[in-house]
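Enquirer: To start, I am sharing the structure in question, which I have written as structure tokens.
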Amino acid sequence: MDQLLELDAVTSLSEPLCKRYEGMTFDGNFFYLTLPEESKVCKFSRDFIFLHSFEVNRPYFAICYDSIEHCFWASEERLRHTIFRLDCDMEEWGEVQIRKCCAVSSGICGLSFHCQNETIIVAYENCTIELTREGEMVQVLQRSEKDENLGVLFVPPFLILVQRCRQKQFLKIFCREELIRCLCIPDCYKVKALIFCPCCGIERKKLVLFILVWDSCSCPCILKCVLDFCGKEICDCNFSCCCEREDCRCSIIESVAKSECALAHILNAEGEKLQKAVELADNICELLEVNRSVQRTITKVTFLEQVLYAKLETAANSVDKCEEK
């Protein structure tokens, strides 16, 4: 009997975040989920608090983060031989044509970055290949005649594939072409993407995975699991942890401060509006209408304050985790 994948946590992305996300990546500080049906990439904190959405030029599908050049690589579902390079604001820098590719039967279903070789791992339904940043094929990592690839992750020295076989989904982990673990994913989930998250306090012989799935109601969820590799160590290049990225927390706090300053100006303007209305209004109806307008603005400001508070909590929690280490 196949071993079942044990889940440490399940995070549901409820309304208004319940959307058809397809790809996911992590830059050491934030999660990024692609939303091709709206041509957006959504940015989340480590605790999956929504932070921002980028309007993008294409319906990007698979995505990965290049930890060496600090950029992103993304694909479009209908294009089999093209990947796009994006900056940190999700603006396109250019595109790469995949040359000398083996015969493929589908569009790109997954992307990952090989930090040791500084190459890009591209998964199709029937094979997985390694490319240079210029699009030259380095090698074919895996071929599959029966099993269908759904996603890929390369965490040197491990190649991790999600495959579908006879309506079942499996997480398969290879080390130098040898299959070392095969775990069955619960039937109630449909896997879309997976990423590795280097976490403070987790020893380097354990792998922390986050898996983007749709549940039986087609609602997006994030599965977290921690895998032990019985003494096999993960290469150091995988660990650009939050503890080494203090500048990111400073950016969050700075953005909150700027937002608070803007909200203070808005509230001051609303107060002046009320004062002017009292001076100029000819009847009670005009005063009530101005009051309703001010009340609507204050309600919106209150919602924004809750979002800003959540951002500050995220920054504070990340500091606590690093101190625990």
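The values are calculated or read from the model by the stated rules, or taken from the named source; none is laboratory data. Fair warning: this is a prediction, and the values are worked out from it, not measured in the lab. FYI the Cβ positions are ideal-geometry reconstructions off the backbone, even for glycines, and counts take in every protein chain you see. With ligands, DNA and RNA removed, areas are computed over all heavy atoms of the protein, side chains included. Shrake-Rupley method; radii C 1.70, N 1.55, O 1.52, S 1.80 Å.
Here is a yes/no grid of residues against (1) among the acidic types (Asp, Glu); (2) without any contact (Cβ under 8 Å) to a residue 12 or more places away in the chain; (3) touching a Phe, Trp or Tyr at 6+ places or on another chain (Cβ under 7 Å):
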site	(1), (2), (3)
Met24	no, no, yes
Glu38	yes, no, no
Lys43	no, no, yes
Asn117	no, no, no
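Enquirer: Among the residues of the range 77-87, how many are open to solvent by 10 Å² or more (accessible area, probe 1.4 Å), modelled with pLDDT of 90 or more and within 18 Å of the chain's Cα centre (by Cα)?
Expert: 2
Enquirer: Which ones in the range 7-27 are under 16 Å from Ser218 (Cα atoms), open to solvent by 20 Å² or more (accessible area, probe 1.4 Å) and either of a type outside the set (Gly, Ala, Ser) or not in a loop (DSSP other than H, G, I, E, B) (or both)?
Expert: Val10, Thr11, Ser12, Glu15, Pro16, Leu17, Cys18, Lys19, Arg20, Glu22, listed by residue number.
Enquirer: Suppose we keep only residues that are assigned to a strand (DSSP E or B) and open to solvent by 40 Å² or more (accessible area, probe 1.4 Å) within the range 161-173. Which one would you say is nearest to Leu5 (Cα to Cα)?
Expert: Among those that are assigned to a strand (DSSP E or B) and open to solvent by 40 Å² or more (accessible area, probe 1.4 Å), it is Lys168.
Enquirer: Still on this structure: For the range 278-302, how many residues meet the condition of being within 29 Å of Glu260 (Cβ to Cβ) and either open to solvent by 60 Å² or more (accessible area, probe 1.4 Å) or at pLDDT below 90 (or both)?
Expert: Residues flagged as within 29 Å of Glu260 (Cβ to Cβ) and either open to solvent by 60 Å² or more (accessible area, probe 1.4 Å) or at pLDDT below 90 (or both) within the range 278-302 amount to 10.
Enquirer: Does the range 21-41 hold any residues that are closer than 23 Å to Val307 by Cα and out of contact with any strand residue (DSSP E or B) (no Cβ under 7 Å at 6 or more places or on another chain), and which are they?
Expert: Gly28, Asn29, Glu38
Enquirer: Moving on. Just to be sure, is Ile108 in contact with a Phe, Trp or Tyr (Cβ under 6 Å, 6 or more places away or on another chain), crowded, with 20+ Cβ neighbours inside 10 Å and either closer than 23 Å to Val208 by Cβ or not acidic (Asp, Glu) (or both)?
Expert: Judged against the criteria, Ile108 is not a match.
Enquirer: Name the single residue that is most open to solvent (accessible area, probe 1.4 Å) among those in the range 28-69 being of a type in the set (Val, Ile, Thr) and either over 25 Å from Ala315 (Cα atoms) or within 12 Å of the chain's Cα centre (by Cα) (or both).
Expert: Ranking the candidates gives Ile49 first.
Enquirer: Working only within the range 5-16, note down all residues that are more than 13 Å from the chain's Cα centre (by Cα) and over 15 Å from Leu209 (Cα atoms).
Expert: Ser12, Ser14, Glu15, Pro16, listed by residue number.
Enquirer: Now for a separate question. Within the range 122-133, does at least one residue satisfy the condition of being under 18 Å from Thr25 (Cα atoms), among the hydrophobic types (A, V, I, L, M, F, W, C) and crowded, with 16+ Cβ neighbours inside 10 Å?
Expert: The answer is yes, given that some residue of the range 122-133 is under 18 Å from Thr25 (Cα atoms), among the hydrophobic types (A, V, I, L, M, F, W, C) and crowded, with 16+ Cβ neighbours inside 10 Å.
Enquirer: Pairs, please: C-beta under 7 Å, at least 6 apart or cross-chain, first residue open to solvent by less than 50 Å² (accessible area, probe 1.4 Å) and in the range 217-238, second modelled with pLDDT of 90 or more and among the polar types (S, T, N, Q)?
Expert: Cys219/Ser12; Cys221/Thr11; Cys221/Ser12; Ile222/Thr11
Enquirer: Among the numbered conditions (1) open to solvent by less than 10 Å² (accessible area, probe 1.4 Å); (2) in contact with a Lys or Arg (Cβ under 8 Å, 6 or more places away or on another chain); (3) of a type in the set (A, V, I, L, M), tell me where Leu150 comes up short.
Expert: The number of the failed condition is (1).
Enquirer: Hey, Glu177 hits all of (1) over 24 Å from the mean Cα position of the chain (by Cα); (2) over 27 Å from Glu6 (Cα atoms) but one; which does it fall short on?
Expert: (2)
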